[in-house]
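This report concerns only the one structure given below.
The values are calculated or read from the model by the stated rules, or taken from the named source; none is laboratory data. Because the structure is a prediction, the values reported are computed rather than measured. All Cβ positions, glycine included, derive from the backbone under ideal geometry; neighbour counts span all protein chains shown. We work out accessible area using only protein heavy atoms, side chains counted, and drop any ligands, DNA or RNA first. Shrake-Rupley method; radii C 1.70, N 1.55, O 1.52, S 1.80 Å.
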Amino acid sequence: MKSFKHIFDFYLDSSIHVAFSCFALVNCTYLILNISINHSVALFAFFGTIAGYNFVKFDALARAKRNNMSWKLKAIAGLSFLSLIIGIYYFFELEKFTKIIAPLFLILTLLYTLPFFPNKKNARNWAGFKIYIVTICWIGVTVLLPILNSGYRINLEIGILILQRFLLIFSLILIFEIKDFKNDDPHLKTVPQQIGVKKTKNLGFVLLILFIGLSSINFKSNYNGNSNSNINNHFLELLLNFVIAIVIALFLFFSTENRSKYYTDFWVESIPIVWWLLYFFTK
């Protein structure tokens with residue numbers, strides 16, 4: 001049992017699970033828009049997430065303990081380096097324009113971790129900015145890259161999808177911020193630090209209602225002049241969005257500062273994977 005726990009903890013701590021979440025959201029974008037899945041984009045997102053997240057989480061620790069690293073930290077460093085190499089391979093498989101855009105999110109990730117400006121903290125420590133930087137990176141990788149790489153025309157539907165994904169990801173991150181409320185540096189000015197846990201939950205509920213509202217608008221805008229099959233697809237999308245919003249709302253409702261890391265790092269991170277599987281098996 002202990003061995004299983006060590007393996008499971010490594011799976012979570014090495015960002016493999018969060019990478020599956022990113023992979024899932026990329027594929028959700030393809031399924032929602034009914035465009036062919038490009039595995040190079042999905043795998044670039046998967047391996048890039050492992051490398052990027054581990055760099056953000058362990059860069060300072062690895063540099064401080066480079067002469068006395070634990071086996072776990074060494075294994076995570078090795079996995080991250082391998083993921084970086086594979087991610088670079090899939091980067092060169094992307095379309096030309098996507099190759100220009102993708103590095104912008106890498107720069108934002110580095111800015112989140114490293115102090116680019118003299119006598120300034122990294123972006124992770126900019127008061128109130130953390131949640132927006134993380135949300136923008138996730139939208140860029142899981143929505144913009146698949147769309148741009150497919151040459152999909154930017155229209156109102158895409159605008160609604162981007163706004164929906166912002167509301168969804170923002171709501172998910174609020175659960176993490178509530179769990180970290182006691183441990184986060186007060187100077188970070190996270191949402192719970194600024195408005196309290198109860199109001200943070202209420203904010204999340206409002207964002208999820210807006211998410212469903214946008215799904216309804218998208219359904220109505222695609223209703224007129226569409227075939228029955230398209231109407232059924234849009235209704236299914238509305239239904240699945242409603243289900244996933246309810247799931248997030250429940251996790252948000254039961255979130256506290258005392259929840260274990262498994263509550264957020266496994267169960268909450270699993271929500272995008274469940275969303276993708278629902279789309280995969282029903283569309």
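Probing with 1.4 Å while keeping every protein chain in the model, the per residue accessible area of region 134-283 equals 49 Å². Where a ≥ b ≥ c are the square roots of the eigenvalues of the C-alpha gyration tensor, would you call region 1-41 rounded, which needs a/c under 1.5, or, failing that, prolate if a/b is larger than b/c, or oblate? In terms of gyration-tensor shape, prolate. Protection proxy ranking, highest mean first, for peptides 6-14, 27-35: 27-35, 6-14, where packing is the per-residue count of other beta-carbon atoms within 10 Å, averaged. Counting only protein heavy atoms and a 1.4 Å probe, region 15-60 has 30 square angstrom of accessible area per residue.
Can you tell me the order of 183-189, 37-43 when each peptide is scored by its average per-residue count of other Cβ atoms within 10 angstrom, highest first? The partial results should precede the final answer.
Working: 183-189: 12.1, 37-43: 19.0.
Answer by packing, highest mean first, reads 37-43, 183-189.
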